[in-house]
1. When the range 21-35 is examined, which residues are found to be within 17 Å of H74 (Cβ to Cβ), part of a loop (DSSP other than H, G, I, E, B) and touching a helix residue (DSSP H, G or I) at 6+ places or on another chain (Cβ under 9 Å)?
2. Within the range 75-95, is there a residue that is at pLDDT 95 or above, more than 16 Å from the ligand (Cβ to nearest atom) and closer than 20 Å to D241 by Cβ?
3. Looking for something within 16 Å of the ligand (Cβ to nearest atom), in contact with an Asp or Glu (Cβ under 9 Å, 6 or more places away or on another chain) and either within 18 Å of L249 (Cβ to Cβ) or open to solvent by less than 50 Å² (accessible area, probe 1.4 Å) (or both) - is there at least one such residue anywhere in the range 105-116?
4. Among the residues of the range 201-210 satisfying the criterion of being open to solvent by 20 Å² or more (accessible area, probe 1.4 Å) and in contact (Cβ under 8 Å) with a residue 40 or more places away in the chain, which is farthest from K178 (Cα to Cα)?
5. Taking the range 283-301, which residues are open to solvent by 60 Å² or more (accessible area, probe 1.4 Å) and in contact (Cβ under 8 Å) with a residue 12 or more places away in the chain?
6. Among the residues of the range 114-131, what is the count of those that are over 15 Å from the mean Cα position of the chain (by Cα) and more than 23 Å from I234 (Cβ to Cβ)?
7. Return the residues of the range 211-242 that are open to solvent by less than 20 Å² (accessible area, probe 1.4 Å), small (G, A, S) and closer than 22 Å to E70 by Cβ; say none if nothing qualifies.
Amino acid sequence: MRMRVLVTGGAGYIGSVVTEELVKDGHEAVVYDSLYKGHRAAVVSGAKLIEGDLMDVERMRAALSENRIEAVIHMAADSLVGESVEKPAKYYRNNTVAGLRLLDAMIAEGVLRLVFSSTAAVYGEPEKQPIEESDTTNPTNPYGETKLAFERALGWYERAYTLRYASLRYFNAAGATKLCGEWHDPETHLIPIVLQAAAGRRAHVEVYGDDYLTRDGTCVRDYIHVVDLARAHILALGILDKGSRIYNLGCGGEGYSVNEVIETARAVTSRDIQIRMGARRAGDPAVLIASSDRIKSELGWQPAMQDLKVIIESAWHWMQGHPDGYKE
Ligand code: UDP
């Protein structure tokens, strides 16, 4: 079924790929983005861009009604753990309060289907691996806390206003399409940092600790290709009318350690990548691996690009083609 979909944060890294996939599938995509971090050039042709703030309920209502929107994918957010500890007010405002404003606009316009970008950070320090959706949520930073607060609001809004939602708890998104890739300033994520070092744009990669109880002492994460992640949003759109769901999204398995990511990037790029051993980063759990069995069995989702080599290759190709990112 083709739908008219509004994507908040559609000019950001994951949002741009979700928008690209929507357009490819013949959906009508309207990106709503303040461009405070997103990039105009990341909005694929075929999608319409509305520059607007989530706090601006009137503007959002107009965007929903004028484009006869049937569903919203809500991806606009701040997402840096460290920054959230320093600036919790920013995270409560942009992730929780602004999200509630979006819901006000949606309910006022009778748009009652939502796919929400949630995060593995809602679990905090996990009790076991792989993490299942029914495991305890106990965030250890304001980023996870503000995402969870919004997720919990969705549960109450569902009862009272018949909102239908899918909350997708992402593990570590990585990789790129030909058109869309990861470009943050400053960059904090491991794979783009490693590739910047390979490209000679930074002198070295600092490894945040090698004294964890993992196979090589460095942290282990579950990397998922951004296109596999995007496909899950499109599958989720199709089941909203059946009821609300929460899904983890990762590739599972053994994950990859920081050292394994660096080794793989050396192999993919054939470049030298210098490392410096640094201290642990505050708030980093040793291991985060998803069980994505629920979305696999309920929606038939399957990652097509689980191999880290394939993920890193796609990011490297994008970086080679966009040496200055989305410089406008
Ligand atoms: N990391 C690192 N050096 C960096 C950036 C990240 O060692 O310059 C580590 C980080 O401690 C974590 C893993 O790489 O264990 C993935 O971090 P990232 O910020 O990419 O994602 P997160 O897991 O925080 O969502």
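1. H27
2. Checking the range 75-95: not a single residue is at pLDDT 95 or above, more than 16 Å from the ligand (Cβ to nearest atom) and closer than 20 Å to D241 by Cβ.
3. At the first step, the residues of the range 105-116 found to be within 16 Å of the ligand (Cβ to nearest atom) are none.
No - not one qualifying residue is present in the range 105-116.
4. Taking the range 201-210 as the starting set, the residues that turn out to be open to solvent by 20 Å² or more (accessible area, probe 1.4 Å) are 201-204, 206, 208, 210.
Within this subset, residues satisfying the condition of being in contact (Cβ under 8 Å) with a residue 40 or more places away in the chain are 203-204, 206, 208, 210.
On the way: A203: 26, H204: 26, E206: 28, Y208: 30, D210: 34 Å.
Residue satisfying both the conditions and the ranking: D210.
5. Listed by number, the residues that qualify are D293, R294, E298.
6. Within the range 114-131, the first condition is being over 15 Å from the mean Cα position of the chain (by Cα), and the residues that meet it are 114, 123-131.
Subsequent filtering for residues that are more than 23 Å from I234 (Cβ to Cβ) retains 123-131.
Of the residues in that region, 9 qualify.
7. Those that are open to solvent by less than 20 Å² (accessible area, probe 1.4 Å), small (G, A, S) and closer than 22 Å to E70 by Cβ: A230, A232, A236.
Results for (1) under 24 Å from the mean Cα position of the chain (by Cα); (2) of a type in the set (V, I, T); (3) more than 24 Å from G12 (Cβ to Cβ); (4) within 8 Å of the ligand (Cβ to nearest atom), shown as yes or no for each residue.
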residue	(1), (2), (3), (4)
H189	yes, no, no, yes
G200	no, no, yes, no
H204	no, no, yes, no
V207	yes, yes, yes, yes
R215	no, no, yes, no
Y223	yes, no, no, no
R231	yes, no, no, no
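The values are calculated or read from the model by the stated rules, or taken from the named source; none is laboratory data. Computed from a prediction, not measured in an experiment: that's the story for all the values here. No Cβ is skipped: glycine too gets one built from the backbone with ideal geometry, and neighbour counts run over all protein chains shown. For accessibility, only protein heavy atoms count, side chains too; no ligands or nucleic acids. Shrake-Rupley method; radii C 1.70, N 1.55, O 1.52, S 1.80 Å.
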